[in-house]
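Novice: Here's a structure for you.
The values are calculated or read from the model by the stated rules, or taken from the named source; none is laboratory data. Small disclaimer: the values here were computed from a predicted structure and weren't measured. Heads up, the Cβs are rebuilt from the backbone with ideal geometry, glycines too, and the neighbour counts pull from every protein chain shown. To get the accessible areas, we keep the full protein, side chains included, count just its heavy atoms, and leave off ligands, DNA and RNA. Shrake-Rupley method; radii C 1.70, N 1.55, O 1.52, S 1.80 Å.
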Amino acid sequence: MPLIIRNLNAMKRVFLLITASAFYLHTSSSHISLADSKRMEAVSLLLEQTKKQIREQMEEERRMLEWERFLAHLAFSESAGNPDTINTLGYIGKYQFGRAALRDIGFDVDFDEFRTNPSGAFPENVQDLAIEAWFERNERLLQKEIERYSGTIVNGTPVTKAGILAASHLGGVGGVRRFFRTGGAFNPSDAYGTSISKYMKKFSGFDI
């Protein structure tokens, strides 16, 4: 069900509950029976529960949209969003995966075939699955660093969960750990001049 329809349905439920609440609340207090009082209490409780569910649902959907924005920004940064590209170092796809990274998450991709038939060797939808698996792995391995450093500034670099994950895609889990262990002194760049801290800062604004 589309997001806007789900939210409209939830709003209708709230409106009906508010209407019911108003009906009971406008009853003269001198004429409220025990049954009426219990109904009012039940309606009030249901209203609060529904409002809480809506808030949680909207927050979940907001985070999903933010995650999609994060991945789209990463793809643009890596390859201008081109799923068929291969760079001068042999990294492939819109997220620029290397052989070792794909092996680590159980994806068997023929890099030689990708050169001549990219959509057959590593389709875009499979690339999207791979990046999800890659970040799930990296988040698990970097959980301690995410909990300890998120919201801090390390050697002038603002640190967030999104920034840490983006940096792990650039410099690997080990590189990110060493960056934190050295207080940001270890800050290597890739072959194109992009450093761990640059990626960490570039993606720090995503609330994922």
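Novice: Look at residue 109 and say whether it is free of Cβ contacts under 8 Å to residues at least 24 places away in the same chain, open to solvent by less than 30 Å² (accessible area, probe 1.4 Å) and either out of contact with any helix residue (DSSP H, G or I) (no Cβ under 6 Å at 6 or more places or on another chain) or among the β-branched types (Val, Ile, Thr) (or both).
Specialist: Judged against the criteria, residue 109 is a match.
Novice: If I filter region 147-167 for residues that are over 18 Å from residue 202 (Cβ atoms) and under 17 Å from the mean Cα position of the chain (by Cα), do I get at least one hit?
Specialist: Yes, region 147-167 contains a residue that is over 18 Å from residue 202 (Cβ atoms) and under 17 Å from the mean Cα position of the chain (by Cα).
Novice: Would you check if residue 165 is within 14 Å of residue 143 (Cα to Cα), at pLDDT 95 or above and in a helix (DSSP H, G or I)?
Specialist: yes
Novice: Separate question: Name the residue that is most open to solvent (accessible area, probe 1.4 Å), counting only residues in region 176-189 that are farther than 16 Å from residue 147 by Cβ and out of contact with any helix residue (DSSP H, G or I) (no Cβ under 6 Å at 6 or more places or on another chain).
Specialist: The qualifying residue most open to solvent (accessible area, probe 1.4 Å) is 178.
Novice: Does at least one position in region 128-142 carry a residue that is over 14 Å from residue 172 (Cβ atoms), open to solvent by less than 80 Å² (accessible area, probe 1.4 Å) and polar (S, T, N, Q)?
Specialist: No, the conditions are met nowhere in region 128-142.
Novice: Say we look at region 13-58 and pick out the residues that are closer than 26 Å to residue 207 by Cβ and open to solvent by less than 70 Å² (accessible area, probe 1.4 Å); which of these is modelled with the lowest pLDDT?
Specialist: Per the criteria, the residue is 14.
Novice: Using the structure shown, decide if residue 101 is modelled with pLDDT of 95 or more, under 26 Å from the mean Cα position of the chain (by Cα) and surrounded by fewer than 16 Cβ atoms within 10 Å (Cβ to Cβ).
Specialist: no
Novice: Please specify each residue of region 53-72 satisfying the condition of being acidic (Asp, Glu) and more than 8 Å from the chain's Cα centre (by Cα).
Specialist: 56, 59, 60, 61
Novice: Here's a follow-up. Considering region 153-164 alone, what residues qualify as being open to solvent by 30 Å² or more (accessible area, probe 1.4 Å) and farther than 15 Å from residue 182 by Cα?
Specialist: Scanning region 153-164 gives 158, 160, 161.
Novice: Okay, next question. Is it true that some residue in region 117-128 is in contact with a helix residue (DSSP H, G or I) (Cβ under 8 Å, 6 or more places away or on another chain) and touching a residue at least 40 places away in the same chain (Cβ under 8 Å)?
Specialist: Scanning region 117-128, I find at least one residue that is in contact with a helix residue (DSSP H, G or I) (Cβ under 8 Å, 6 or more places away or on another chain) and touching a residue at least 40 places away in the same chain (Cβ under 8 Å), so the answer is yes.
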